[in-house]
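Peer 1: Quick one: this structure, given as C-alpha cells, is what I'll be asking you about.
The values are calculated or read from the model by the stated rules, or taken from the named source; none is laboratory data. For clarity, every value in this text was computed on a predicted model and none was experimentally measured. All Cβ positions, even for glycine, are placed from backbone atoms using ideal geometry, and neighbour counts span all protein chains on display.
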Amino acid sequence: MVAMDVSERYVRLCGEVSNFTKAKTGISFVDAYIGPENLDPENQSKDKTPEEIVSGIEGLMDQVKDDVDSPIRAEHLLGECKSMVVTIDWLNGKDISYADLVQGLFNIPLKRFSESMIDKKIEELDEALHAFPETELRDRVISFAKEGEITGTDLKQLVKNDLQTKALEVGKMFQEKVYSLVGTTVTDNGVEYQTVTGTPWGGYNWYQKGFKSLNQFNIDKTFNKTGLQGVIYHEYEHHVSNLWREKYFIETGNLELAVVTLHTGRCVISEGTADTASEFLGVVENNPNLKIDDALYTLRRMTQINAAIMMNDEGKSTEEAVEYLTERGYRSEKSAKGSIGFIEPKMEDGRINFWAPYVFTYFFGRTDFVLPTFNKAFEQDELAKFYQTLYLNPYSGSSVTWNKAYEWLK
C-alpha cells in the first residue's frame, strides 16, 4: 500500500512537471499516459511554483529510499526524479551548462566527435557511393538523395498506403524474431499512420492506451525511400516497448509505469532500442542503397550532435551551424536549416527549445548501451534472456539502471 502511495505521488508530480514544461515550452514532459483518469497528468495542479514542485520531488525521493524494496525499481524512480528536478531548474532559468544539462537529464556525458572521426565517416560514405558516376562526393550524395527523394503529397500517399502495410509486416517480424524468444506474447492492436506538418521532428510514435499507437510523419521534411524502412523499424519498436510496458502495468498495478516521460534516462534506452530494431529483427538487405543510407544517417547524426554543441555550448550562430551541417554532414542547405529546429537553444518565439538536448539519446543510446549489450547476448547465445530483461522488466529501460539490469551478462 505504501509503494502504491509512492507510485501515485510520482504520477501526480509528473503531471505537475508536465504542466510546467507545457506552459514554458509548449511541450509536455509526459509523452504518453495509460493510467486512471483521476491521475491524468493534464488534471494535475497547474498553479504550483517551480520551487514547490521541486520540493515535492525531493520529498518523493526520500520516500522512495525508505519504502521501495526493489533496488532496480527504486533506482529507476530516483533517476526519473533527478531528471525532473533538472528539467524544472533548466526551464526556470537556472544557469546550467549544456554538458550538465545533458548529463542531468539523460545520465550520459556530453560527447563531441573529433573532426578526424567525422573524416573517417565521410570516407565510409565515399566508399558506399563508389558506384555513382560523379567525381565529387557531394555530387554523388545529391544524386543519391534525388534518386529516392520523397516529400509533401507523394510522402502523404506513401505513408497512408505502403507504410501502413509495411507496419503489419514488421509487427509479424517482432512476433517471430523477438516474442518467440521472450516466451510469451503481448496484445497488439496495431499502429495507425498519419501525416502532419509544422513539427521539428520527422517521425513520432504517440502511444495510445489500449495497446495501440499513432505514428505521425511530418511531410514538410524530405525523406529518402530507402531510409524510410529504418524509420518504420525505429517507430515500431517504440510501439512494441510500450505494449510490454502497458502489459506489465496492468499485471502489477505499479502506477509509475502508466507514465511515459521525456527528458529522463528512459529516453536513452528507448531511442537506443528503436535505433537497434533492425538488428533485433535480423534484417539483412542486399540493397546497396541501404549501406549508403546507413553511412549518411550515421554521419548526419554525428554532425548534428556537434552542431548542437556548437549552438548550445559554444554560442555559435544558426548560420555557423547550418554551414557546418552542410559542409561536414553533406546536407543540402534546406535540410541543414530544417534540422536546426530540433537542436537550437531557443525557438523562433524566444522560448526555450525543449528538444535542444535530446539529440544525444539516439546515437549514444544505441552505441553505448543497447547495441553492445545486444551483440554480447548474441555472441553468448543469450538473446532470450536479453529480450526478457528488456521487455518483461520495464525498470531495465533507463540509462540509470541498464548496467545493473544486464550485470548477469558477463
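Peer 1: Taking the options F378, F364, name whichever one is under 17 Å from the mean Cα position of the chain (by Cα) and either among the hydroxyl-bearing types (S, T, Y) or outside the structural domain of A99 (by TED's automatic domain parsing) (or both).
Peer 2: Working: F378 fails: under 17 Å from the mean Cα position of the chain (by Cα).
Of the residues listed, the single one that is under 17 Å from the mean Cα position of the chain (by Cα) and either among the hydroxyl-bearing types (S, T, Y) or outside the structural domain of A99 (by TED's automatic domain parsing) (or both) is F364.
Peer 1: Could you tell me whether G79 is crowded, with 18+ Cβ neighbours inside 10 Å and of a type in the set (G, A, S)?
Peer 2: On the way: crowded, with 18+ Cβ neighbours inside 10 Å: yes; of a type in the set (G, A, S): yes.
Answer is yes for this residue.
Peer 1: Which of the following residues is touching a residue at least 40 places away in the same chain (Cβ under 8 Å) and out of contact with any Lys or Arg (no Cβ under 7 Å at 6 or more places or on another chain): D67, D47, D40? Show your work before the answer.
Peer 2: Numbers: D47 fails: touching a residue at least 40 places away in the same chain (Cβ under 8 Å); D40 fails: touching a residue at least 40 places away in the same chain (Cβ under 8 Å).
Going through D67, D47, D40 in turn, just one is touching a residue at least 40 places away in the same chain (Cβ under 8 Å) and out of contact with any Lys or Arg (no Cβ under 7 Å at 6 or more places or on another chain): D67.
Peer 1: Condition check: farther than 22 Å from E285 by Cβ, at pLDDT 95 or above and hydrophobic (A, V, I, L, M, F, W, C). Does I250 satisfy that?
Peer 2: yes
Peer 1: From the list V359, V322, which residue is of a type in the set (V, I, T) and closer than 23 Å to V260 by Cα? Explain how you work it out, then say what you get.
Peer 2: Values: V322 fails: closer than 23 Å to V260 by Cα.
The unique qualifying residue is V359.
Peer 1: Quick check, is L228 of a type in the set (A, V, I, L, M, F, W, C), under 16 Å from K209 (Cα atoms) and touching a residue at least 40 places away in the same chain (Cβ under 8 Å)?
Peer 2: On the way: of a type in the set (A, V, I, L, M, F, W, C): yes; under 16 Å from K209 (Cα atoms): no; touching a residue at least 40 places away in the same chain (Cβ under 8 Å): yes.
For L228, the condition - of a type in the set (A, V, I, L, M, F, W, C), under 16 Å from K209 (Cα atoms) and touching a residue at least 40 places away in the same chain (Cβ under 8 Å) - is not met.
Peer 1: Quick test of your reading of the structure: A99 fulfils all but one of (1) more than 23 Å from G341 (Cβ to Cβ); (2) surrounded by fewer than 18 Cβ atoms within 10 Å (Cβ to Cβ); (3) touching a Pro at 6+ places or on another chain (Cβ under 8 Å); (4) not aromatic (F, W, Y). Name the failing condition by number.
Peer 2: All conditions pass for A99, except number (1).
For every residue, the table says whether it meets (1) farther than 20 Å from S399 by Cα; (2) assigned to a loop (DSSP other than H, G, I, E, B); (3) at pLDDT below 95; (4) in contact with a Gly (Cβ under 9 Å, 6 or more places away or on another chain).
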site	(1), (2), (3), (4)
D5	yes, no, yes, no
R9	yes, no, no, yes
E42	yes, no, yes, yes
E58	yes, no, no, no
D62	yes, no, no, no
H76	no, no, no, yes
V102	no, no, no, no
L110	no, yes, no, no
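Peer 1: Listed residues T226, T199; which is assigned by TED's automatic domain parsing to the domain that holds S339 and farther than 30 Å from I88 by Cα?
Peer 2: Numbers: T199 fails: farther than 30 Å from I88 by Cα.
None of the others qualify; the one that does is T226.
Peer 1: Shifting gears a bit: Looking at the stretch 358-365, is at least one residue modelled with pLDDT of 95 or more, assigned to a helix (DSSP H, G or I), small (G, A, S) and surrounded by 21 or more Cβ atoms within 10 Å (Cβ to Cβ)? Walk me through how you get there before you give the answer.
Peer 2: Let us first name the residues in the stretch 358-365 that are modelled with pLDDT of 95 or more, namely 358-365.
Pick out the ones that are also assigned to a helix (DSSP H, G or I) and you get 360-365.
Within this subset, residues satisfying the condition of being small (G, A, S) are 365.
Right, trim to surrounded by 21 or more Cβ atoms within 10 Å (Cβ to Cβ) and you get 365.
Checked the stretch 358-365: at least one residue is modelled with pLDDT of 95 or more, assigned to a helix (DSSP H, G or I), small (G, A, S) and surrounded by 21 or more Cβ atoms within 10 Å (Cβ to Cβ).
Peer 1: Any residue in the stretch 330-347 that's under 16 Å from S143 (Cβ atoms): show its pairings with residues that are charged (D, E, K, R) and in a helix (DSSP H, G or I) at Cβ separation under 8 Å, as long as the two are six or more apart or on different chains.
Peer 2: Y330/R138; Y330/R300; R331/R300
Table: residues versus (1) buried (at least 17 other Cβ atoms within 10 Å of the Cβ); (2) of a type in the set (A, V, I, L, M); (3) closer than 28 Å to L390 by Cβ.
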| site | (1), (2), (3) |
| --- | --- |
| S7 | yes, no, yes |
| S28 | yes, no, yes |
| P36 | no, no, yes |
| M84 | yes, yes, yes |
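Peer 1: Could you tell me which residue of the stretch 180-239 is farthest from S143 (Cα to Cα), considering only residues that are β-branched (V, I, T) and assigned to a loop (DSSP other than H, G, I, E, B)?
Peer 2: Out of the qualifying residues, it is T184.
Peer 1: Under the condition of being of a type in the set (G, A, S) and surrounded by 12 or more Cβ atoms within 10 Å (Cβ to Cβ), which residue from the stretch 136-194 is farthest from the chain's Cα centre (by Cα)? Reasoning before the result, please.
Peer 2: Residues of the stretch 136-194 that are of a type in the set (G, A, S), as a first pass: 143, 145, 148, 152, 167, 171, 180, 183, 190.
Next cut, surrounded by 12 or more Cβ atoms within 10 Å (Cβ to Cβ) only: 143, 145, 148, 152, 167, 171, 180, 190.
Working: S143: 30, A145: 25, G148: 25, G152: 24, A167: 19, G171: 19, S180: 25, G190: 20 Å.
Across the stretch 136-194, the extreme among qualifying residues is S143.
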